[in-house]
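*Asks:* Take a look at this one; I'll ask things after.
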Amino acid sequence: MHLFRFATSIYGDSDVVIGASWDLLPWFVGAGAALILAHAVLKAVARGRLRQAAEIDQ
Amino acid sequence: MSASEALASTSLARADRVKRHAPVDRIYHWLTAASVLVLMGTAFLPIIGWKFEWLTLHWTTGIVLTLLVLFHIVRALIWQDWRAMVVDMADIRNGWRALAHAVRRGGAAPDKPGKYKLLQKLYHLAIAILVLSVVVSGLLMLLKIDTPLWRRNPYWFAADTWGAIYSIHGFAAMAMITFVMIHIYFALRPEEWWLTRSMLRGWISRAEYLNHCDSKRWVVSDRG
């Protein structure tokens with residue numbers, strides 16, 4: 001997997017960067033999904049603990 | 001109910017409201033949201049295989065986003081309280097206290113935020129950097145295409161400089177996918193509905209204001 005897209009220079013002797021690699025697209029989507037999932041799980045666990053604490057108080 | 005009673009009831013309901021977003025700011029928000037979604041669709045759908053004539057819609061929507069961003073900067077600096085969106089020492093202290101509570105280290109509970117929470121301010125800072133990056137790099141990339149308004153001039157920059165400009169545009173655009181996903185997720189979470197509703201209706205109830213915000217840090221007049 002590359003970070004950048006490359007093309008051959010007009011002189012044909014080297015590669016030049018022409019932009020970000022689109023191979024990274026799933027990683028950015030995955031990062032968003034992972035953050036959302038982690039937050040949702042943490043919130044659910046915290047809510048469960050609060051409910052447990054409330055039941056113990058009663 | 002008589003007409004005067006109905007009027008009194010409506011006035012009472014209005015008095016219970018705290019204005020959070022002016023109509024012009026809500027229109028700005030939703031126009032920006034629509035243009036960002038169109039830009040993301042026209043940028044990434046062709047990459048994942050949906051072939052269509054995307055370029056004209058992409059650059060014209062990019063111009064719309066540029067004008068919206070300029071409008072927002074001017075409005076924020078002149079007519080809005082831009083300091084409400086700046087991270088201050090109270091935010092850092094509250095962030096630290098919230099973190100300590102989350103990892104069960106105890107200590108003082110965090111105070112209520114002002115109009116915006118620390119994470120909202122950090123999100124705004126990050127998305128501002130990303131949007132400014134795509135807008136500036138996108139405007140430079142317009143030099144590479146013919147439009148009814150100008151002729152292309154690809155010799156404006158050297159090849160490696162064009163590579164850097166295209167890379168900034170691509171990385172910032174891909175990072176925006178992550179940030180848009182997070183934004184939509186939080187807007188849909190039940191405990192944040194009061195904020196999402198305020199971006200639709202413009203106001204929050206006085207109970208929501210007192211429950212969620214520090215009235216010393218976000219001072220509102222009695223008239224809302």
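What follows draws every value from the coordinates through simple rules; no lab data is involved. All figures in this text were calculated on a predicted structure; none of them were measured in a lab. Positions of Cβ are backbone-derived with ideal geometry, glycine not excepted, and every protein chain shown enters the neighbour counts.
*Asks:* Among B:Trp162, B:Trp79, B:Trp30, determine the one that fluctuates most according to a GNM of chain B built with springs between C-alpha atoms less than 10 Å apart.
*Replies:* The residue that fluctuates most here is B:Trp79.
*Asks:* List the aspartates and glutamates whose alpha-carbon lies under 16 Å from that of B:Lys144, not counting same-chain residues fewer than 8 positions away?
*Replies:* Leaving aside aspartates and glutamates fewer than 8 places away in the same chain, those within reach of B:Lys144 are B:Asp160.
*Asks:* Now for a different question. To the nearest 20 debye, what is the magnitude of the charge dipole of the protein assembly as shown about its Cα centre, counting +1 on the Cβ of each Lys and Arg and -1 on the Cβ of each Asp and Glu?
*Replies:* 860
*Asks:* With each pseudo-label sitting 7 Å past Cα toward Cβ, what's the B:Ala22-B:Trp50 distance in nm, one decimal?
*Replies:* 3.6
*Asks:* Taking the Cα centre of chain A as origin, sum charge times position over the Cβ atoms of Lys and Arg (+1) and Asp and Glu (-1), and report the length of that vector in debye to the nearest 20. Working shown, then result.
*Replies:* Working: 5 positive and 5 negative charges, 84 e Å.
Result for chain A is approximately 400 debye, rounded to the nearest 20.
*Asks:* Sort B:Ile168, A:Ile18 by Cβ crowding within 10 Å, fewest neighbours at the top. Numbers along the way, then the final one.
*Replies:* Numbers: B:Ile168 19, A:Ile18 16.
Arranged by neighbour count, lowest to highest, B:Ile168, A:Ile18 become A:Ile18, B:Ile168.
*Asks:* Principal axes first, then extents: for the Cα atoms of the stretch B:68-221, list largest minus smallest coordinate on each axis, whole Å, largest first.
*Replies:* 60, 37, 28
*Asks:* Put +1 on the Cβ of each Lys and Arg and -1 on the Cβ of each Asp and Glu in chain B; which of B:Leu70, B:Val135, B:Cys213 then has its Cα farthest toward the positive end of the dipole?
*Replies:* Farthest towards the positive end: B:Cys213.
*Asks:* Given axes a ≥ b ≥ c from the Cα gyration tensor, I'd like to know whether the stretch B:43-115 is rounded (a/c under 1.5), prolate (a/b larger than b/c) or oblate.
*Replies:* oblate
*Asks:* Same structure again: Which lysines have a Cα less than 16 Å from the Cα of B:Lys117, not counting those fewer than 8 places away in the same chain?
*Replies:* Of all the lysines, those that pass the test against B:Lys117 - Cα under 16 Å, at least 8 places apart if same chain - are B:Lys216.
*Asks:* When the gyration tensor of the protein assembly as shown is built from Cα positions, what are the square roots of 5 times its three eigenvalues, in whole Å, from largest to smallest?
*Replies:* 43, 26, 17
*Asks:* Here's another thing I want to ask about it. Using +1 at the Cβ of each Lys and Arg and -1 at the Cβ of each Asp and Glu in the stretch B:25-212, identify which of B:Gly107, B:Phe52, B:Ala126 lies farthest towards the dipole's positive end.
*Replies:* B:Gly107
*Asks:* According to the square roots a ≥ b ≥ c of the eigenvalues of the Cα gyration tensor, what is the shape class of the stretch B:1-143, taking rounded for a/c under 1.5, prolate for a/b larger than b/c otherwise, and oblate for the remainder? Mind dumping the intermediate values first?
*Replies:* Values: a/c = 2.27, a/b = 1.32, b/c = 1.72.
Oblate, because a/c is 1.5 or more while a/b does not exceed b/c.
*Asks:* Something else: State whether the stretch B:157-224 is rounded, prolate or oblate according to the following rule on the C-alpha gyration tensor (a ≥ b ≥ c being the square roots of its eigenvalues): a/c under 1.5 gives rounded; otherwise a/b larger than b/c gives prolate, and the remaining case gives oblate.
*Replies:* It is prolate, given that a/c is not under 1.5 and a/b is the larger ratio.
*Asks:* What is the P(r) of the stretch B:86-133, as percent of Cα-Cα pairs per 10 Å bin from 0?
*Replies:* Going from the shortest bin to the longest, the percentages are 26, 43, 23, 7, 0.
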